[in-house]
1. Take the range 86-105 and flag every residue that is modelled with pLDDT of 95 or more and farther than 20 Å from Met17 by Cα.
2. For the condition under 17 Å from the mean Cα position of the chain (by Cα) and under 15 Å from Val26 (Cβ atoms), what is the one hit in Thr138, Thr133?
3. Restricting to the range 1-25, name every residue that is farther than 22 Å from Phe130 by Cα and aliphatic (A, V, I, L, M).
4. For the range 6-21, enumerate the residues that are farther than 14 Å from Asp89 by Cα and touching an Asp or Glu at 6+ places or on another chain (Cβ under 9 Å).
5. Determine, yes or no, whether Lys107 is more than 19 Å from Gly10 (Cα to Cα), touching an Asp or Glu at 6+ places or on another chain (Cβ under 7 Å) and surrounded by 11 or more Cβ atoms within 10 Å (Cβ to Cβ).
6. Could you tell me whether any residue of the range 28-44 is closer than 18 Å to Leu59 by Cα and surrounded by fewer than 17 Cβ atoms within 10 Å (Cβ to Cβ)?
7. Just to be sure before I move on: is Lys34 over 13 Å from the mean Cα position of the chain (by Cα) and among the basic types (Lys, Arg) in the structure I sent?
8. Within the range 110-145, which residues are touching an Asp or Glu at 6+ places or on another chain (Cβ under 6 Å) and either at pLDDT below 95 or over 20 Å from Ala40 (Cβ atoms) (or both)?
Amino acid sequence: MIKVMFICYGNICRSPMAEFLLRDMVEKRGLSDKFLIASAATSTEEIGNGVHYGTRKKLAEHGISPDGKRAVQLKRSDADKYDYFIGMDSQNIRAIERILGSGARDKIFRLLDFSARPRDIADPWYTHNFDVTYDDITEGCEAFLNQVTQRFSAV
């Protein structure tokens, strides 16, 4: 099983969008039994809060529901539970490394580093542009999924 944790600052916009988008992609490919997908925050600001309305709206446009998701914080103990810790931007990567410690460095990635155009994903909390965020996260999740599922065909 491939265990993936998406991380952003508050766990209400980008990381839950990535979590539920990848879950949808995995389900559509019939691979749900091969993945465990979650998301968390690097900060404590939004802990317990639901998914941002902009993310909910954008996911709903694509028939995806994040119902029941509440923001949680990444913990050092998560380091042994997941294979991939995928941050949305360079600032998140630094915070993830600080939280998880040096032993998890080889498991920490920026989402769009899996794509042909590596870059940060802008935070729609500030940009208010959930369309661009959705497109960037889709690009990153597709690239990530294509890369990791190559393992299945190689076996």
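The values are calculated or read from the model by the stated rules, or taken from the named source; none is laboratory data. Computed from a predicted model, the values in this text were never measured in an experiment. Cβ placement follows ideal geometry from the backbone for every residue including glycine, while neighbour counts extend to all protein chains displayed.
1. Hits for the range 86-105 are Arg94, Glu97, Arg98, Ile99, Leu100.
2. Testing whether each residue is under 17 Å from the mean Cα position of the chain (by Cα) and under 15 Å from Val26 (Cβ atoms) leaves just Thr138.
3. Met1, Ile2, Val4
4. Ile12
5. Yes: the conditions hold for Lys107.
6. yes
7. Here the answer is yes, as Lys34 does meet what is asked.
8. Ser115 - this is the single residue of the range 110-145 that is touching an Asp or Glu at 6+ places or on another chain (Cβ under 6 Å) and either at pLDDT below 95 or over 20 Å from Ala40 (Cβ atoms) (or both).
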